[in-house]
Amino acid sequence: MTTAGTLNRGYFYNLDREGALQLLQQAGLKINDDPDEGRDEAASTAQYLGGPSDKWTLGAARTEQRFLRNQQLQLRGSSCSLCGQSFPEQLLVAAHIKPRSACSEKERMDTANVSMLACLFGCDALFEFGYIVVGESGVMQVGNPLPEQVGNRIEGLVGRKCRAHDEQSRGYFAWHLQAHSGKLINQPQRTFDPGPLTERVLR
Ligand SMILES: [Zn+2]
């Protein structure tokens, strides 16, 4: 309405929260207060639903990381798969055993076995860069030639059994072992790899 009390025509109006909720309710939809909360976890932690046609964005990478981490926490509890130490959950990340970019679509969907939990106190990076590898029996050994500065970082790991190594994950560890056993090949990227068919959207 105008100040004179006549009708005013318009196209875009601010909608307050209450009005938005009512509209959604009338449309039979439910709103989630926290935009991040439960968006993907709520569906299921048994299967990641992202597929090859997904735009592989930073958002998608975060969503996948969240999914993988939650799934691993449920499966294995909050311990690092490499050093075995128990940590608060936020200090553990889901690490791809075989990098996402090297996985087939089927392997990517094998979320429970293609990833593991690694702590942010070094295990995640030592594994990703191949300084530590997991042998066929599941025992950790030295992989890529170690820079002098990190030598003592792997002392506690070599000879330990990796908690995530089992029949289902064996093939992924074998790939990692082969990629990093003693020869320094392509240094993995610390950032996500969008893969050949997908689109990178970074702002
Ligand atoms: Zn660790």
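The values are calculated or read from the model by the stated rules, or taken from the named source; none is laboratory data. Only a predicted model underlies this, so the values are computations on that prediction, with no experimental measurement involved. Every residue, glycine as well, gets a Cβ built from its backbone with ideal geometry; the counts of neighbours run over all protein chains shown.
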TODO: With the checklist (1) away from the ligand (no atom under 16 Å from the Cβ); (2) within 14 Å of the chain's Cα centre (by Cα) in hand, flag the one item residue 95 doesn't pass.
DONE: (1)
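Any residue in segment 138-146 that is more than 10 Å from the ligand (Cβ to nearest atom), in a loop (DSSP other than H, G, I, E, B) and at pLDDT 95 or above? Before the answer, list the steps.
First, the residues of segment 138-146 that are more than 10 Å from the ligand (Cβ to nearest atom): 138-146.
From what is left, the residues that are in a loop (DSSP other than H, G, I, E, B) are 138, 143-146.
Then drop every residue that is not at pLDDT 95 or above, which leaves 138.
Within segment 138-146 (the criterion being more than 10 Å from the ligand (Cβ to nearest atom), in a loop (DSSP other than H, G, I, E, B) and at pLDDT 95 or above), the answer is yes, since at least one residue qualifies.
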Open item on the list: Report every pair of residues separated by at least 6 positions or lying on different chains whose Cβ atoms are under 9 Å apart, first residue within segment 67-83 and in contact (Cβ under 8 Å) with a residue 24 or more places away in the chain and near the ligand (Cβ under 8 Å from one of its atoms), second assigned to a helix (DSSP H, G or I) and aliphatic (A, V, I, L, M).
Closed with: 80/91; 82/126
Task: Conditions (1) in contact (Cβ under 8 Å) with a residue 24 or more places away in the chain; (2) within 16 Å of the ligand (Cβ to nearest atom); (3) surrounded by fewer than 16 Cβ atoms within 10 Å (Cβ to Cβ); (4) among the charged types (D, E, K, R): number failed by residue 124 - done: (3)
Task: Residue list for segment 69-88, filter: modelled with pLDDT under 95 and hydrophobic (A, V, I, L, M, F, W, C) - done: 75
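Tell me the residue from 125, 94 that is of a type in the set (A, V, I, L, M, F, W, C) and part of a strand (DSSP E or B), please. Let's see the steps before the verdict.
On the way: 125 fails: part of a strand (DSSP E or B).
Matching residue, one of 125, 94: 94.
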